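Have a look at the structure below, then the notes.
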Amino acid sequence: MSSVTLTRRRLLRGAAFSLAGMGAAALASCQPAVVKETVVVEKVVKETVVVEKAAEIVTLRHMLRAGDLGPRYDRAVVEFGNTHPDMKAKIEPVPGGDVEYVPKMMAMHAAGTIGDSCWTSIGSVNHYQYADMGVTAPLDELISEASFDSSVFYESSWESSKYQGKVYGLPECSHPGTAMLVYNKTLFEAEGVEEPDDTWTLDKLLEVSKYFTRDTKGEGRIDSWGFNPSTGRLIVMLIRCFSGYEYDMLNADGTKAMVNQPKTKEALTWVYDLYQKHKVTPTPESMEIGFNQLFMAGRVAMFQTGCWGGPGLSNAMKARREFPVEWWCAPLPKGPSGVLGSHAEVDCQCVTSLSKHKSAAFDFIGYLVDKEGAVLRGVPYGCAGSRKDQYDDPRLQGTLFTKDDKALFAIYDMLNASAGPYFYPANLQGQQAFQVYAQGLAPLWLGKAEPTDGFFDDVARQLQTVLDQPKAGA
């Protein structure tokens, strides 16, 4: 007997048809009949099963220059995950320094593979480049929606984070350039020399530098120096000691080279004299060991630096487990202009324009710039954040770097609060402009050129050529 598979409806319809046929046959024959039929039915039962699929976790990607990692990033990842259970943050360092970081970020933006948020630097001008080219998004609406309090930041830092009137990043790290004078306190105390303070002038700095410049071995050559200035890109600090905030290497709007202007020439000649006339500054050829080693050996009495300089010495000494000197700092002397020569140089945390999760990305970078984020930056590096309230934390009032870190950070606070505006090329060709004038002036410090009008005019022409180029990325 064959097996037939039937649906219920077909089975009933077939059964009714068979019964009707059987009745007709019986009537026709007038014979009683018993009909037996065996039907094997394979019942098919269809059920709808609802499978609950776990919600997909969205990964928020934060990009930054490799080497800038620290505990504040670990903490931000954890805090973000706690407040966004359906998301997680991932830190993606981009290998290479400033020169490599910018083109790599631009390429990822063009390819649509850039992350949701990123670190930027005003000092290297990439903050403004990204804003101009649409790599980063303006944050004004997000700031308004979140009722984000900008009053906790230094005003100069907050303003520096803007481009064409819009906020393109939350200021994380602030420093006033190399507006700080670090000195060997051990050496000053041993010789009974008056220590630097905020009453010093450049004349006083030169006088004390001469005192500490010596031929200690009697070999007919200087082997200990009084002062090491900051040249390179940050020569602008010393120029501002003469020009104020009128100009430095550039005019205020970044369109004109000011290398051959009277106050710039006066400042650069003053630095030239430190090297070639007074010989109070070590030349590259005279430093047979690294600068930190020279300072710790008592062979450099003072040097111009940023907020990272002194703590960097402490970290170097801790690494070597040697503490040959105690250092301290004071503001760089104001000079003829009457200003500190500082500028508001800021690192920012930004949201990228291609992010599909801008609000969440804004929440993430918020953890990097809140008070805890600022403190966690200051603890390992000394160079703390952009907030005015960070120094209230006990961790920045201890003895991490000096015997009185509270007093140290009070100096940082004063310098950040009084920092002047940051001047950068209007065409955003920052890296090229900085390289041109740093290399152009180097022959002065090496003794291969003299500070003549012709020399300054030539460097000014080279710099102006860069400033006249099309805007970066155009």
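The values are calculated or read from the model by the stated rules, or taken from the named source; none is laboratory data. Worth saying up front: this structure is predicted, and the values here are computed from it rather than measured. Cβ atoms come from the backbone with ideal geometry, glycine included; neighbour counts cover every protein chain shown.
Annotations for the structure displayed:
- Within the range 351-377, tally of residues that are of a type in the set (Ser, Thr, Tyr) and not in a helix (DSSP H, G or I): 3
- Extreme residue, farthest from Tyr154 (Cα to Cα), among residues of the range 396-435 that are in contact with a Pro (Cβ under 6 Å, 6 or more places away or on another chain) and among the aliphatic types (A, V, I, L, M): Ala433
- Candidates Gln397, Gln390: the one that is more than 20 Å from the chain's Cα centre (by Cα), surrounded by 14 or more Cβ atoms within 10 Å (Cβ to Cβ) and outside the structural domain of Thr186 (by TED's automatic domain parsing) is Gln397.
- Some residue of the range 161-174 being surrounded by fewer than 22 Cβ atoms within 10 Å (Cβ to Cβ), of a type outside the set (Val, Ile, Thr) and part of a helix (DSSP H, G or I): no
- When the range 287-298 is filtered for residues that are touching a residue at least 12 places away in the same chain (Cβ under 8 Å) and surrounded by fewer than 22 Cβ atoms within 10 Å (Cβ to Cβ), the ones remaining, listed by number, are Phe291, Asn292, Leu294, Ala297, Gly298.
- Matching entry among Ala426, Ala417, Ala438 (being among the small types (Gly, Ala, Ser) and more than 30 Å from Asp468 (Cα to Cα)): Ala417
- Hits in the range 202-253 (condition: aromatic (Phe, Trp, Tyr), over 33 Å from the mean Cα position of the chain (by Cα) and surrounded by 15 or more Cβ atoms within 10 Å (Cβ to Cβ)): Phe212, Trp225
- Qualifying residue in the range 254-261 (condition: free of Cβ contacts under 8 Å to residues at least 40 places away in the same chain and either in contact with a Ser or Thr (Cβ under 9 Å, 6 or more places away or on another chain) or surrounded by 22 or more Cβ atoms within 10 Å (Cβ to Cβ) (or both)): yes
- Hey, Val369 touching a residue at least 40 places away in the same chain (Cβ under 8 Å), aliphatic (A, V, I, L, M) and outside the structural domain of Asn184 (by TED's automatic domain parsing) or not: yes
- Positions within the range 298-312 being in a helix (DSSP H, G or I), in contact with a helix residue (DSSP H, G or I) (Cβ under 8 Å, 6 or more places away or on another chain) and small (Gly, Ala, Ser), in sequence order: Gly310, Gly312
- Against the test of being out of contact with any strand residue (DSSP E or B) (no Cβ under 9 Å at 6 or more places or on another chain) and among the basic types (Lys, Arg), the options Lys318, Lys358, Lys279, Lys371 yield a single qualifying residue, Lys318.
- Filter result for Val325 (closer than 30 Å to His109 by Cα, hydrophobic (A, V, I, L, M, F, W, C) and buried (at least 16 other Cβ atoms within 10 Å of the Cβ)): no
- Residues satisfying the stated conditions in the range 346-365, i.e. out of contact with any Lys or Arg (no Cβ under 7 Å at 6 or more places or on another chain) and crowded, with 23+ Cβ neighbours inside 10 Å: Val346, Asp347, Cys348, Gln349, Cys350, Thr352, Ala361, Phe362, Phe364, Ile365
- Breaking point among (1) at pLDDT 80 or above; (2) over 28 Å from Met105 (Cα atoms), for Val45: (1)
- Pairs linking a residue in the range 275-286 that is surrounded by 18 or more Cβ atoms within 10 Å (Cβ to Cβ) to a residue that is basic (Lys, Arg), with Cβ atoms under 6 Å and 6 or more positions apart or on different chains, are Val280/Lys210.
- Residue match in the range 395-402 (condition: part of a loop (DSSP other than H, G, I, E, B), in contact with a Gly (Cβ under 6 Å, 6 or more places away or on another chain), touching a residue at least 60 places away in the same chain (Cβ under 8 Å) and among the aromatic types (Phe, Trp, Tyr)): yes
- Among the candidates Leu206, Leu238, Leu234, residue that is in contact with a helix residue (DSSP H, G or I) (Cβ under 7 Å, 6 or more places away or on another chain), assigned to a helix (DSSP H, G or I) and hydrophobic (A, V, I, L, M, F, W, C): Leu238
For (1) under 20 Å from Gly165 (Cα atoms); (2) crowded, with 21+ Cβ neighbours inside 10 Å; (3) at pLDDT below 95, each residue gets a yes or a no:
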site	(1), (2), (3)
Pro103	no, no, yes
Met108	no, no, no
Gly112	no, no, no
Ser117	no, yes, no
Tyr128	yes, yes, no
Thr136	yes, yes, no
Leu142	yes, no, no
Phe148	yes, no, no
Phe153	yes, yes, no
